[in-house]
Amino acid sequence: MDYKTIQLVYDSGVATITLNRPDKRNAISFELIDDLLRGLDEVAKSDALVIILTGAGKAFCSGMDLENLKTLLGRTPEQNLQDSRTMVRLFRSLYEFPKVTIAAVNGAAIAGGTGLALMCDFTLAVPEAKFGYTEVRIGFVPAIVSTFLLRQVGEKQARDLLLTARIFGAEEAVRMGLVSEIVGPDKLMPRARELAALLMENSPASLRATKQLLTDHARTELDSQIEAALHANAAIRATADFREGISSFLEKRKPVWKGE
């Protein structure tokens, strides 16, 4: 397939997807979402047994693209809901991917980038990697990612990360169980491939069945929670605080919240 914002390479049973917008710190654009969804679908149908997700340049994924952020202020309620459904499709495609997934986090993974990095089965990160659910800083609600985060950490930790919107490092992420291992920058991809090779020593049928079992365990709960998250994510976009949050962020100034 023809991809403009990702690179997809196959090697000995491993598919490596690289977010390839280094000049934009691999920010999530509408085009990247489409490419990533198509890439995941291609890998799911391929002979690859393991997928590695990483970023080009110094960042893994810096969150939403600024140009795309500007367009959100003029979206209709129907478009906002469709945007939310698209993000759900992306995150669930990765979270429920039928093959084993490894995130090789080579730098900052912020907001939606944190979501992508932490929804993989294994998350390797360089010591300098930074994470953060920063949505409330600019008037968003971290509705969709919160659904998955609550399955990974305790509620108290989830409240801390989601409500403070603070940036946290790789070591803290390891302590919370969100990152599997910290690896030096020069060893990140070799370690990811080493882990992939270890996984491929196992029965492919057993790996698929185990992934399916885990997906089935989570599905009922996720279905109900994500439906509520969809509407919360779309509804916040109709508020004055959302418009102020986006505007102040783009204008690089401190927001003046109205609480409405």
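The values are calculated or read from the model by the stated rules, or taken from the named source; none is laboratory data. Treat the numbers as computed from the prediction; the structure is a model and nothing was measured. We place every Cβ from the backbone using ideal geometry, glycine too, and count neighbours over all the protein chains shown. Areas reflect the complete protein model, heavy atoms only, side chains present, ligands, DNA and RNA absent. Shrake-Rupley method; radii C 1.70, N 1.55, O 1.52, S 1.80 Å.
Structure above, values below:
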{"quantity": "Inverse of mean 1/r across different Cα pairs in region 1-139, Kirkwood, Å", "calculated": "15.2 Å"}
{"quantity": "Angle in degrees between helix 30-45 and the longest Cα principal axis of the chain, rounded to the nearest 10", "calculated": "30 degrees"}
{"quantity": "Spin-label model distance (nm) - Asn202 vs Leu250, 7 Å beyond Cα toward Cβ", "calculated": "4.5 nm"}
{"quantity": "Residue-normalised accessible area of the chain, expressed per residue, 1.4 Å probe, Å²", "calculated": "48 Å²"}
{"quantity": "Relative contact order of the chain, pairs being alpha-carbon contacts under 8 Å that are 6 or more residues apart, as %", "calculated": "19 percent"}
{"quantity": "Taking the C-alpha atoms of the chain, convex hull volume expressed per residue in Å³", "calculated": "126 Å³"}
{"quantity": "Region 208-260, accessible surface, carbon-and-sulfur percent (1.4 angstrom probe)", "calculated": "57 percent"}
{"quantity": "Heavy-atom accessible surface of region 1-102: percent carbon and sulfur, 1.4 Å", "calculated": "50 percent"}
{"quantity": "Fraction of the pair-distance distribution of region 20-97 above 22 Å, Cα-Cα pairs, percent", "calculated": "31 percent"}
{"quantity": "Average Cα contact separation per residue, region 24-160, under 8 Å, 6 or more apart, as relative contact order %", "calculated": "25 percent"}
{"quantity": "Across Lys4/Lys130; Lys58/Lys254; Lys24/Lys187; Lys45/Lys211; Lys24/Lys58, pairs whose alpha-carbon gap is larger than 21 Å", "calculated": "Lys4/Lys130; Lys58/Lys254; Lys24/Lys187"}
{"quantity": "Candidate residues Ile182, Ile246, Ile138: accessible-area rank, largest first, probe 1.4 Å", "calculated": "Ile182, Ile138, Ile246"}
{"quantity": "Overall dimensions of region 98-163 by Cα: Rg and Dmax, Å", "calculated": "12.0, 35"}
{"quantity": "Folded to 0 to 90 degrees: helix 155-164 orientation relative to the chain principal axis, Cα", "calculated": "50 degrees"}
{"quantity": "Accessible area in the full protein assembly, largest first, 1.4 Å probe, for His217, His231", "calculated": "His217, His231"}
{"quantity": "Volume per residue that the Cα convex hull of region 120-198 spans, once the total is divided by residue count, Å³", "calculated": "97 Å³"}
{"quantity": "DSSP-defined beta bridges in region 6-98 - what % are antiparallel, rounded to 5", "calculated": "45 percent"}
{"quantity": "Radius ratio Rg over Rh of region 179-229, counting only Cα atoms, Kirkwood formula for Rh", "calculated": "1.17"}
{"quantity": "Accessible carbon and sulfur surface of region 129-187 relative to its total accessible area, %, 1.4 Å", "calculated": "51 percent"}
{"quantity": "Solvent accessible area, Å² - Met189, 1.4 Å probe, full protein context", "calculated": "40 Å²"}
{"quantity": "Relative contact order (percent, whole number), region 1-76, Cα cutoff 8 Å, 6+ residue spacing", "calculated": "37 percent"}
